[in-house]
Ligand code: PHE
(Lines give C-alpha, C1' and ligand atoms only; values in the text may rest on other atoms or scores of the structure.)
Protein backbone atom coordinates (compact mmCIF):
# COMPACT_ATOMS: atom_id res chain seq x y z
CA UNK A 1 0.00 0.00 0.00
CA UNK A 2 1.20 3.52 -0.64
CA UNK A 3 2.04 5.93 2.09
CA UNK A 4 -0.45 8.44 0.82
CA UNK A 5 -3.96 8.07 -0.38
CA UNK A 6 -6.84 10.46 -0.41
CA UNK A 7 -9.44 8.00 0.68
CA UNK A 8 -7.13 7.18 3.53
CA UNK A 9 -6.84 3.50 3.17
CA UNK A 10 -5.62 1.23 5.92
CA UNK A 11 -2.95 -1.39 6.12
CA UNK A 12 -4.12 -4.69 4.77
CA UNK A 13 -2.96 -6.41 7.89
CA UNK A 14 -0.91 -5.88 10.98
CA UNK A 15 1.81 -7.84 9.26
CA UNK A 16 1.91 -5.39 6.35
CA UNK A 17 2.14 -2.51 8.76
CA UNK A 18 4.92 -3.97 10.85
CA UNK A 19 6.80 -4.90 7.70
CA UNK A 20 6.61 -1.37 6.32
CA UNK A 21 7.79 0.04 9.63
CA UNK A 22 10.67 -2.42 9.72
CA UNK A 23 11.46 -1.52 6.11
CA UNK A 24 11.80 2.11 7.08
CA UNK A 25 13.73 1.50 10.26
CA UNK A 26 16.17 -1.20 9.19
CA UNK A 27 18.66 0.31 6.81
CA UNK A 28 22.06 1.88 6.57
CA UNK A 29 21.56 3.10 10.12
CA UNK A 30 21.85 -0.44 11.43
CA UNK A 31 24.53 -1.88 9.22
CA UNK A 32 26.65 1.08 8.20
CA UNK A 33 26.16 3.72 10.87
CA UNK A 34 25.78 1.76 14.08
CA UNK A 35 29.10 -0.14 13.81
CA UNK A 36 31.15 2.88 12.84
CA UNK A 37 29.62 5.03 15.56
CA UNK A 38 30.33 2.30 18.08
CA UNK A 39 33.93 2.23 16.90
CA UNK A 40 34.25 6.00 17.07
CA UNK A 41 32.37 6.66 20.27
CA UNK A 42 33.55 4.19 22.85
CA UNK A 43 32.61 0.57 22.07
CA UNK A 44 30.61 -1.17 24.79
CA UNK A 45 29.78 2.00 26.68
CA UNK A 46 28.28 3.47 23.54
CA UNK A 47 26.30 0.28 22.90
CA UNK A 48 24.90 0.26 26.41
CA UNK A 49 23.84 3.91 26.27
CA UNK A 50 22.35 3.28 22.84
CA UNK A 51 20.32 0.32 24.13
CA UNK A 52 19.05 2.37 27.07
CA UNK A 53 18.04 5.17 24.68
CA UNK A 54 16.31 2.71 22.36
CA UNK A 55 14.16 1.17 25.05
CA UNK A 56 13.55 4.14 27.37
CA UNK A 57 13.17 6.84 24.73
CA UNK A 58 12.83 5.23 21.29
CA UNK A 59 10.16 2.66 22.10
CA UNK A 60 7.77 5.03 23.96
CA UNK A 61 8.41 7.63 21.30
CA UNK A 62 7.57 5.22 18.46
CA UNK A 63 4.30 4.42 20.21
CA UNK A 64 3.60 8.14 20.59
CA UNK A 65 4.12 8.82 16.89
CA UNK A 66 1.88 5.94 15.88
CA UNK A 67 -0.91 6.93 18.18
CA UNK A 68 -0.78 10.57 17.06
CA UNK A 69 -0.95 9.39 13.47
CA UNK A 70 -3.85 7.07 14.13
CA UNK A 71 -5.76 9.83 15.90
CA UNK A 72 -5.09 12.40 13.18
CA UNK A 73 -5.47 10.12 10.14
CA UNK A 74 -3.56 12.60 7.99
CA UNK A 75 -0.06 13.66 7.04
CA UNK A 76 2.05 14.82 10.02
CA UNK A 77 1.47 18.55 9.58
CA UNK A 78 -2.29 18.24 9.15
CA UNK A 79 -2.44 15.65 11.90
CA UNK A 80 -0.75 18.00 14.36
CA UNK A 81 -2.96 20.82 13.09
CA UNK A 82 -6.16 18.83 13.65
CA UNK A 83 -5.22 17.48 17.04
CA UNK A 84 -4.05 20.85 18.38
CA UNK A 85 -7.24 22.49 17.13
CA UNK A 86 -9.44 19.86 18.71
CA UNK A 87 -7.58 19.95 22.03
CA UNK A 88 -7.29 23.76 21.84
CA UNK A 89 -3.52 23.68 22.01
CA UNK A 90 -1.04 26.07 20.45
CA UNK A 91 -0.60 25.78 16.69
CA UNK A 92 3.15 25.91 17.29
CA UNK A 93 3.12 22.13 17.74
CA UNK A 94 2.66 21.91 13.99
CA UNK A 95 6.35 22.78 13.79
CA UNK A 96 7.00 19.15 14.71
CA UNK A 97 5.73 18.18 11.28
CA UNK A 98 7.66 20.92 9.53
CA UNK A 99 10.93 20.06 11.28
CA UNK A 100 10.34 16.45 10.37
CA UNK A 101 10.12 17.18 6.66
CA UNK A 102 13.30 19.24 6.81
CA UNK A 103 15.07 16.47 8.71
CA UNK A 104 14.03 13.81 6.24
CA UNK A 105 15.19 15.96 3.32
CA UNK A 106 18.61 16.61 4.85
CA UNK A 107 19.09 12.96 5.83
CA UNK A 108 18.12 11.57 2.43
CA UNK A 109 20.65 13.87 0.75
CA UNK A 110 23.55 12.01 2.36
CA UNK A 111 21.79 8.68 2.82
CA UNK A 112 21.59 8.39 -0.94
CA UNK A 113 25.33 8.95 -1.34
CA UNK A 114 26.06 6.13 1.10
CA UNK A 115 23.45 3.96 -0.64
CA UNK A 116 25.53 4.76 -3.74
CA UNK A 117 28.64 3.35 -2.05
CA UNK A 118 26.77 0.12 -1.49
CA UNK A 119 25.78 0.07 -5.18
CA UNK A 120 29.42 0.57 -6.13
CA UNK A 121 30.32 -2.42 -3.96
CA UNK A 122 27.73 -4.56 -5.74
CA UNK A 123 29.50 -3.77 -8.96
CA UNK A 124 32.87 -4.58 -7.40
CA UNK A 125 31.52 -7.88 -6.10
CA UNK A 126 30.21 -8.74 -9.55
CA UNK A 127 33.62 -8.36 -11.14
CA UNK A 128 35.21 -10.24 -8.23
CA UNK A 129 37.25 -7.34 -6.93
CA UNK A 130 37.41 -8.62 -3.37
CA UNK A 131 39.20 -11.90 -3.81
CA UNK A 132 42.58 -11.95 -2.11
CA UNK A 133 42.31 -8.41 -0.74
CA UNK A 134 44.58 -7.54 2.17
CA UNK A 135 44.45 -4.78 4.76
CA UNK A 136 46.05 -2.22 2.52
CA UNK A 137 44.27 -2.97 -0.71
CA UNK A 138 40.86 -2.95 0.94
CA UNK A 139 41.58 0.57 2.17
CA UNK A 140 42.85 1.65 -1.23
CA UNK A 141 39.72 0.32 -2.89
CA UNK A 142 37.51 2.43 -0.66
CA UNK A 143 39.85 5.41 -0.85
CA UNK A 144 39.73 5.34 -4.63
CA UNK A 145 35.97 5.33 -4.67
CA UNK A 146 35.80 8.33 -2.35
CA UNK A 147 38.46 10.19 -4.27
CA UNK A 148 36.39 10.20 -7.43
CA UNK A 149 33.58 12.76 -7.38
CA UNK A 150 32.36 11.53 -10.74
CA UNK A 151 32.00 7.96 -9.60
CA UNK A 152 30.31 8.95 -6.35
CA UNK A 153 27.99 11.21 -8.28
CA UNK A 154 26.98 8.45 -10.68
CA UNK A 155 26.17 5.99 -7.88
CA UNK A 156 24.37 8.65 -5.87
CA UNK A 157 22.33 9.52 -8.97
CA UNK A 158 21.46 5.89 -9.57
CA UNK A 159 20.33 5.44 -5.98
CA UNK A 160 18.16 8.57 -6.19
CA UNK A 161 16.65 7.37 -9.47
CA UNK A 162 15.77 4.05 -7.85
CA UNK A 163 14.15 5.88 -4.95
CA UNK A 164 12.25 8.32 -7.14
CA UNK A 165 11.18 5.45 -9.36
CA UNK A 166 9.41 3.64 -6.57
CA UNK A 167 7.77 6.76 -5.17
CA UNK A 168 6.58 7.89 -8.62
CA UNK A 169 5.38 4.50 -9.64
CA UNK A 170 3.52 3.96 -6.39
CA UNK A 171 4.88 0.43 -6.46
CA UNK A 172 5.75 0.52 -2.79
CA UNK A 173 3.37 -2.41 -2.41
CA UNK A 174 5.56 -4.61 -4.57
CA UNK A 175 8.55 -3.54 -2.59
CA UNK A 176 6.80 -4.48 0.60
CA UNK A 177 6.10 -7.93 -0.72
CA UNK A 178 9.75 -8.23 -1.61
CA UNK A 179 10.65 -7.03 1.86
CA UNK A 180 8.84 -10.00 3.29
CA UNK A 181 11.54 -12.30 1.97
CA UNK A 182 14.50 -10.00 1.60
CA UNK A 183 14.55 -8.66 5.15
CA UNK A 184 14.69 -12.13 6.68
CA UNK A 185 17.34 -13.00 4.08
CA UNK A 186 19.40 -10.08 5.29
CA UNK A 187 19.10 -11.32 8.86
CA UNK A 188 20.16 -14.84 7.83
CA UNK A 189 23.13 -13.49 5.92
CA UNK A 190 24.19 -11.46 8.93
CA UNK A 191 23.98 -14.54 11.13
CA UNK A 192 26.19 -16.39 8.62
CA UNK A 193 28.64 -13.49 8.70
CA UNK A 194 28.69 -13.63 12.47
CA UNK A 195 29.45 -17.33 12.04
CA UNK A 196 32.35 -16.43 9.80
CA UNK A 197 33.51 -13.81 12.29
CA UNK A 198 33.58 -16.57 14.90
CA UNK A 199 36.26 -18.32 12.87
CA UNK A 200 38.57 -15.33 12.67
CA UNK A 201 40.11 -15.95 16.06
CA UNK A 202 39.09 -12.56 17.42
CA UNK A 203 35.42 -13.24 18.09
CA UNK A 204 35.76 -13.01 21.86
CA UNK A 205 37.62 -9.75 21.50
CA UNK A 206 34.98 -8.35 19.18
CA UNK A 207 32.12 -9.42 21.41
CA UNK A 208 33.85 -8.03 24.49
CA UNK A 209 34.40 -4.77 22.65
CA UNK A 210 30.66 -4.51 22.00
CA UNK A 211 29.33 -5.71 25.31
CA UNK A 212 31.83 -4.70 27.99
CA UNK A 213 31.16 -1.07 28.78
CA UNK A 214 34.13 1.04 29.75
CA UNK A 215 32.72 4.40 30.68
CA UNK A 216 36.05 6.15 30.53
CA UNK A 217 35.81 5.70 26.76
CA UNK A 218 32.58 7.59 26.15
CA UNK A 219 32.25 11.36 26.00
CA UNK A 220 29.19 13.56 26.40
CA UNK A 221 29.11 13.93 22.69
CA UNK A 222 29.18 10.15 22.43
CA UNK A 223 26.08 9.98 24.62
CA UNK A 224 24.33 12.53 22.44
CA UNK A 225 25.39 10.47 19.44
CA UNK A 226 23.79 7.36 20.98
CA UNK A 227 20.57 9.22 21.64
CA UNK A 228 20.48 10.73 18.18
CA UNK A 229 21.16 7.37 16.64
CA UNK A 230 18.26 5.83 18.53
CA UNK A 231 16.02 8.29 16.70
CA UNK A 232 17.76 7.81 13.38
CA UNK A 233 17.65 4.04 13.37
CA UNK A 234 13.97 3.90 14.32
CA UNK A 235 13.06 6.62 11.80
CA UNK A 236 11.75 8.81 14.61
CA UNK A 237 11.39 12.56 14.87
CA UNK A 238 10.54 13.02 11.22
CA UNK A 239 6.85 12.41 11.15
CA UNK A 240 7.48 9.26 9.15
CA UNK A 241 6.19 6.88 11.76
CA UNK A 242 3.36 9.32 12.44
CA UNK A 243 2.36 9.03 8.80
CA UNK A 244 2.53 5.24 8.99
CA UNK A 245 0.32 5.34 12.06
CA UNK A 246 -2.31 7.28 10.14
CA UNK A 247 -3.08 4.14 8.14
CA UNK A 248 -3.36 2.02 11.21
CA UNK A 249 -6.68 0.41 12.07
CA UNK A 250 -7.99 0.62 15.60
CA UNK A 251 -7.56 -3.01 16.44
CA UNK A 252 -3.80 -3.08 15.99
CA UNK A 253 -1.97 -3.23 19.28
CA UNK A 254 0.47 -0.34 19.14
CA UNK A 255 2.60 -1.43 22.07
CA UNK A 256 3.18 -4.95 20.83
CA UNK A 257 3.87 -3.85 17.23
CA UNK A 258 6.32 -1.20 18.44
CA UNK A 259 8.16 -3.75 20.51
CA UNK A 260 8.49 -6.04 17.49
CA UNK A 261 9.92 -3.25 15.34
CA UNK A 262 12.32 -2.07 18.02
CA UNK A 263 13.60 -5.56 18.77
CA UNK A 264 14.12 -6.41 15.09
CA UNK A 265 15.92 -3.15 14.47
CA UNK A 266 18.17 -3.68 17.48
CA UNK A 267 18.94 -7.30 16.64
CA UNK A 268 20.02 -6.37 13.11
CA UNK A 269 22.31 -3.64 14.42
CA UNK A 270 23.91 -5.90 17.03
CA UNK A 271 24.40 -8.68 14.48
CA UNK A 272 26.15 -6.21 12.21
CA UNK A 273 28.42 -5.23 15.08
CA UNK A 274 29.14 -8.85 15.94
CA UNK A 275 30.02 -9.58 12.33
CA UNK A 276 32.29 -6.60 11.90
CA UNK A 277 34.38 -6.13 15.04
CA UNK A 278 35.96 -9.60 15.14
CA UNK A 279 37.10 -9.02 11.55
CA UNK A 280 38.43 -5.61 12.56
CA UNK A 281 40.48 -7.03 15.42
CA UNK A 282 41.61 -10.19 13.68
CA UNK A 283 43.12 -8.08 10.91
CA UNK A 284 44.49 -5.28 13.03
CA UNK A 285 42.16 -2.73 11.42
CA UNK A 286 41.11 0.52 13.05
CA UNK A 287 37.78 0.29 14.90
CA UNK A 288 37.53 4.07 14.72
CA UNK A 289 37.92 4.18 10.94
CA UNK A 290 34.68 6.16 10.61
CA UNK A 291 32.05 5.99 7.88
CA UNK A 292 34.19 3.64 5.77
CA UNK A 293 34.29 0.94 8.45
CA UNK A 294 32.02 -1.70 6.92
CA UNK A 295 33.35 -1.04 3.44
CA UNK A 296 36.88 -1.64 4.65
CA UNK A 297 36.24 -4.72 6.77
CA UNK A 298 33.61 -6.88 5.13
CA UNK A 299 35.26 -7.07 1.68
CA UNK A 300 38.32 -8.38 3.47
CA UNK A 301 36.21 -11.21 4.81
CA UNK A 302 34.51 -11.83 1.47
CA UNK A 303 37.86 -11.89 -0.27
CA UNK A 304 39.25 -14.55 2.01
CA UNK A 305 36.40 -16.99 2.64
CA UNK A 306 35.17 -19.89 0.56
CA UNK A 307 32.32 -18.73 -1.65
CA UNK A 308 33.10 -15.16 -0.68
CA UNK A 309 32.29 -13.88 -4.13
CA UNK A 310 28.66 -14.89 -3.92
CA UNK A 311 28.44 -13.97 -0.28
CA UNK A 312 29.75 -10.47 -0.91
CA UNK A 313 27.39 -9.96 -3.80
CA UNK A 314 24.39 -11.08 -1.78
CA UNK A 315 25.38 -8.94 1.14
CA UNK A 316 25.65 -5.70 -0.81
CA UNK A 317 22.46 -6.43 -2.74
CA UNK A 318 20.57 -6.90 0.51
CA UNK A 319 22.21 -3.82 2.01
CA UNK A 320 21.08 -1.75 -0.95
CA UNK A 321 17.62 -3.19 -0.61
CA UNK A 322 17.43 -2.29 3.09
CA UNK A 323 18.69 1.21 2.30
CA UNK A 324 16.18 1.54 -0.53
CA UNK A 325 13.14 0.78 1.63
CA UNK A 326 14.36 3.39 4.12
CA UNK A 327 15.10 5.97 1.43
CA UNK A 328 11.57 5.68 0.07
CA UNK A 329 10.16 6.54 3.46
CA UNK A 330 12.54 9.50 3.65
CA UNK A 331 11.43 10.96 0.31
CA UNK A 332 7.70 10.63 0.95
CA UNK A 333 7.23 13.49 3.44
CA UNK A 334 8.73 16.09 1.13
CA UNK A 335 6.81 14.77 -1.88
CA UNK A 336 3.58 14.93 -0.01
CA UNK A 337 4.29 18.43 1.24
CA UNK A 338 5.07 19.71 -2.26
CA UNK A 339 2.01 17.99 -3.69
CA UNK A 340 -0.27 19.64 -1.15
CA UNK A 341 1.17 23.09 -1.51
CA UNK A 342 1.79 23.39 -5.22
CA UNK A 343 -0.16 22.77 -8.40
CA UNK A 344 2.20 19.92 -9.21
CA UNK A 345 0.92 16.40 -9.67
CA UNK A 346 2.16 13.46 -7.66
CA UNK A 347 4.71 12.64 -10.35
CA UNK A 348 5.82 16.24 -10.69
CA UNK A 349 6.16 16.62 -6.93
CA UNK A 350 8.21 13.47 -6.67
CA UNK A 351 10.57 14.60 -9.39
CA UNK A 352 11.02 18.05 -7.84
CA UNK A 353 11.59 16.56 -4.38
CA UNK A 354 13.99 13.98 -5.78
CA UNK A 355 15.97 16.55 -7.76
CA UNK A 356 16.21 18.85 -4.76
CA UNK A 357 17.52 15.97 -2.64
CA UNK A 358 19.90 14.87 -5.36
CA UNK A 359 21.27 18.42 -5.64
CA UNK A 360 21.93 18.70 -1.91
CA UNK A 361 23.60 15.30 -2.11
CA UNK A 362 26.37 16.95 -4.12
CA UNK A 363 27.56 18.55 -0.87
CA UNK A 364 28.14 15.08 0.56
CA UNK A 365 29.71 13.76 -2.62
CA UNK A 366 32.25 16.59 -2.59
CA UNK A 367 32.87 16.30 1.16
CA UNK A 368 34.85 13.15 0.52
CA UNK A 369 37.20 14.62 -2.05
CA UNK A 370 37.36 18.17 -3.44
CA UNK A 371 35.77 19.73 -0.35
CA UNK A 372 37.45 17.32 2.04
CA UNK A 373 39.19 20.18 3.85
CA UNK A 374 36.29 22.58 3.66
CA UNK A 375 34.92 23.06 7.18
CA UNK A 376 32.22 25.72 6.84
CA UNK A 377 31.82 26.17 10.59
CA UNK A 378 35.48 25.57 11.37
CA UNK A 379 35.73 28.88 13.23
CA UNK A 380 33.78 27.29 16.08
CA UNK A 381 35.81 24.81 18.11
CA UNK A 382 32.95 22.38 18.26
CA UNK A 383 32.75 22.09 14.49
CA UNK A 384 36.45 22.18 13.73
CA UNK A 385 37.35 19.94 10.83
CA UNK A 386 33.74 18.99 10.08
CA UNK A 387 32.95 18.68 6.40
CA UNK A 388 29.54 19.44 4.96
CA UNK A 389 28.66 15.76 5.27
CA UNK A 390 29.67 15.80 8.95
CA UNK A 391 27.55 18.88 9.50
CA UNK A 392 24.48 17.40 7.80
CA UNK A 393 24.83 14.35 9.98
CA UNK A 394 25.33 16.49 13.08
CA UNK A 395 22.44 18.84 12.47
CA UNK A 396 20.00 16.02 11.78
CA UNK A 397 20.96 13.32 14.28
CA UNK A 398 22.16 15.52 17.11
CA UNK A 399 19.85 18.52 16.79
CA UNK A 400 16.73 18.11 14.70
CA UNK A 401 15.71 14.57 15.57
CA UNK A 402 16.18 14.86 19.34
CA UNK A 403 14.40 18.21 19.38
CA UNK A 404 11.36 17.11 17.38
CA UNK A 405 11.35 13.94 19.45
CA UNK A 406 11.35 15.99 22.62
CA UNK A 407 8.48 18.12 21.36
CA UNK A 408 6.49 15.02 20.45
CA UNK A 409 6.80 13.32 23.82
CA UNK A 410 6.09 16.60 25.63
CA UNK A 411 2.94 17.03 23.60
CA UNK A 412 1.73 13.48 24.11
CA UNK A 413 2.79 13.36 27.75
CA UNK A 414 1.60 16.74 28.96
CA UNK A 415 -0.90 18.14 26.50
CA UNK A 416 -3.11 15.17 25.78
CA UNK A 417 -5.65 13.66 28.12
CA UNK A 418 -4.94 10.42 29.92
CA UNK A 419 -8.22 8.84 28.84
CA UNK A 420 -7.71 9.48 25.17
CA UNK A 421 -4.26 7.94 25.38
CA UNK A 422 -5.53 5.01 27.40
CA UNK A 423 -8.15 4.23 24.77
CA UNK A 424 -5.48 4.24 22.05
CA UNK A 425 -3.14 1.89 23.85
CA UNK A 426 -4.61 -1.49 24.36
CA UNK A 427 -2.26 -2.75 27.03
CA UNK A 428 -2.26 -3.72 30.68
CA UNK A 429 -2.60 -0.95 33.27
CA UNK A 430 0.92 -1.57 34.47
CA UNK A 431 2.44 -1.30 31.00
CA UNK A 432 0.40 1.81 30.30
CA UNK A 433 1.57 3.47 33.51
CA UNK A 434 5.15 2.62 32.60
CA UNK A 435 4.75 4.03 29.12
CA UNK A 436 3.27 7.22 30.51
CA UNK A 437 6.14 7.70 32.95
CA UNK A 438 8.58 7.22 30.09
CA UNK A 439 6.77 9.74 27.90
CA UNK A 440 6.19 12.33 30.62
CA UNK A 441 9.45 12.11 32.50
CA UNK A 442 12.17 9.74 31.41
CA UNK A 443 12.28 10.62 27.71
CA UNK A 444 12.00 14.42 28.02
CA UNK A 445 14.34 14.70 30.99
CA UNK A 446 16.80 12.35 29.35
CA UNK A 447 16.82 14.29 26.09
CA UNK A 448 17.20 17.62 27.88
CA UNK A 449 20.07 16.42 30.08
CA UNK A 450 21.98 14.85 27.22
CA UNK A 451 21.37 17.83 25.05
CA UNK A 452 22.34 20.54 27.51
CA UNK A 453 25.40 18.72 28.78
CA UNK A 454 26.80 18.19 25.32
CA UNK A 455 26.31 21.82 24.28
N1 PHE B 1 16.00 4.27 9.99
C2 PHE B 1 16.73 4.25 8.77
C3 PHE B 1 18.04 3.51 8.97
O4 PHE B 1 18.36 3.11 10.04
C5 PHE B 1 17.05 5.61 8.26
C6 PHE B 1 15.90 6.49 8.28
C7 PHE B 1 15.95 7.57 9.08
C8 PHE B 1 14.78 6.21 7.55
C9 PHE B 1 14.89 8.40 9.18
C10 PHE B 1 13.70 7.01 7.63
C11 PHE B 1 13.76 8.10 8.46
O12 PHE B 1 18.79 3.36 8.04
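All of 92, 21, 99 fail the test of being buried (at least 24 other Cβ atoms within 10 Å of the Cβ) and out of contact with any strand residue (DSSP E or B) (no Cβ under 6 Å at 6 or more places or on another chain), apart from 21. Considering only residues in region 111-128 that are more than 13 Å from residue 318 (Cα to Cα) and within 11 Å of the ligand (Cβ to nearest atom), the one that is farthest from the chain's Cα centre (by Cα) turns out to be 114.
Residue under question is residue 278, and the condition is that it be more than 17 Å from the chain's Cα centre (by Cα) and modelled with pLDDT of 95 or more; does it hold? Give the steps one after another, and end with the answer.
Working: more than 17 Å from the chain's Cα centre (by Cα): yes; modelled with pLDDT of 95 or more: yes.
The answer is yes for residue 278.
Restricting 231, 281, 277, 295 to those that are crowded, with 19+ Cβ neighbours inside 10 Å and either free of Cβ contacts under 8 Å to residues at least 12 places away in the same chain or within 14 Å of the ligand (Cβ to nearest atom) (or both) reduces the list to 231. Please work out which residue is farthest from the ligand (Cβ to nearest atom), limiting yourself to region 301-344 and to residues that are without any contact (Cβ under 8 Å) to a residue 12 or more places away in the chain, under 22 Å from residue 132 (Cβ atoms) and not in a helix (DSSP H, G or I). Only one residue fits best here, namely 306.
Being within 14 Å of the ligand (Cβ to nearest atom) and surrounded by fewer than 22 Cβ atoms within 10 Å (Cβ to Cβ) narrows it down to one residue among 267, 261; which is it?
Values: 261 fails: surrounded by fewer than 22 Cβ atoms within 10 Å (Cβ to Cβ).
Answer to the selection: 267.
Of the residues 191, 150, 138, 167, which single one is in a helix (DSSP H, G or I), touching a residue at least 12 places away in the same chain (Cβ under 8 Å) and within 30 Å of residue 347 (Cα to Cα)? Reasoning before the result, please.
Details: 191 fails: within 30 Å of residue 347 (Cα to Cα); 150 fails: touching a residue at least 12 places away in the same chain (Cβ under 8 Å); 138 fails: within 30 Å of residue 347 (Cα to Cα).
Every option except 167 fails the conditions.
Under the condition of being touching a residue at least 24 places away in the same chain (Cβ under 8 Å) and under 30 Å from residue 56 (Cα atoms), the residues counted in region 366-398 number 7. One residue alone among 15, 37, 63 is part of a helix (DSSP H, G or I), more than 16 Å from the ligand (Cβ to nearest atom) and buried (at least 24 other Cβ atoms within 10 Å of the Cβ), and that residue is 63.
The values are calculated or read from the model by the stated rules, or taken from the named source; none is laboratory data. Bear in mind that the values here come from a model prediction, so they are computed numbers and not experimental data. Note that each Cβ is placed from the backbone with ideal geometry, even for glycine, and that neighbours are counted across all protein chains shown.
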